[in-house]
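Let me begin by presenting the structure, written as structure tokens, before commenting on it.
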Amino acid sequence: LWSWGEPYARFYAVYPQVTTSYSKLTLAPSTNTSTPYVNIEVEPGVQDQKDLMTACSGHVHYSVQGTAPRTDLDFRHALTAIKFAVGQNLSINKTISKVEIRNALSKGKYTLSDKFDGTGTKWENLSDAKTFKLEGLAVSTNQNPNAVLTGNDGDNYTFYMIPQELTGKNITVYVEFTDGSKIESTLKGSWLA
């Protein structure tokens with residue numbers, strides 16, 4: 001219950017729901033006295049990955065005695081959603097059977113914002129480079145430039161990755177086609193939430 005003597009509160013929320021059956025996401029312990037955080041491990045199989053979304057109400061003020069204040073939670077994405085599309089210079093007519101992101105970091109600690117606008121979040125303790133796989137595809141490259149190949153609505157082919165620096169980290173994308181040919185490319189830049 002709201003207390004007139006302590007009229008301020010802050011509310012936090014995390015998606016997906018943290019349960020004992022999903023061990024890849026853990027909340028800060030109840031003994032934590034600073035801003036809440038979660039530890040996450042990204043699943044290696046793309047179709048098993050979950051998007052991480054968080055929210056904070058900011059300061060909520062109990063200003064009318066006997067009337068609970070309105071508390072809004074505006075969820076924001078914490079991970080990078082990666083989709084693949086047909087490039088401007090792609091002149092091959094093939095069918096993609098597998099896409100991998102290799103050597104990307106899979107574990108990290110995400111500190112939530114304590115503000116409604118979502119500012120002040122922080123990723124740290126990134127570790128455990130892994131390969132992330134999207135297999136069993138039959139996606140044709142014979143489409144218009146910029147047509148999304150993986151990560152269309154409802155296809156469950158979006159990579160959800162921890163935001164991280166790519167340049168100089170030897171993180172690569174590997175694409176395999178049904179005819180056995182392949183493309184591999186080293187990534188540059190950075191992934192943002």
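Below, the figures for the structure above:
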read-out	value
Q47, sole failed condition from (1) open to solvent by 70 Å² or more (accessible area, probe 1.4 Å); (2) more than 30 Å from E135 (Cα to Cα)	(2)
Test: residue in the range 60-73 that is buried (at least 18 other Cβ atoms within 10 Å of the Cβ) and within 18 Å of the chain's Cα centre (by Cα)	no
Top-ranked residue of the range 164-175 - restricted to ones that are part of a strand (DSSP E or B) and at pLDDT 95 or above, ranked as nearest to S97 (Cα to Cα)	Y174
Test: residue in the range 114-135 that is exposed (fewer than 14 other Cβ atoms within 10 Å of the Cβ), in contact with a helix residue (DSSP H, G or I) (Cβ under 9 Å, 6 or more places away or on another chain), closer than 19 Å to E43 by Cα and not polar (S, T, N, Q)	yes
Residue identified as of a type outside the set (D, E) and assigned to a strand (DSSP E or B) among K115, K107	K107
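The values are calculated or read from the model by the stated rules, or taken from the named source; none is laboratory data. Values in this document were obtained by computation on a predicted structure and should not be read as measured data. Positions of Cβ are generated from backbone atoms using ideal geometry, with glycine treated the same way; all protein chains shown enter the neighbour counts. Side chains are part of the model used for accessible areas, which takes the heavy atoms of the whole protein and leaves out ligands, DNA and RNA. Shrake-Rupley method; radii C 1.70, N 1.55, O 1.52, S 1.80 Å.
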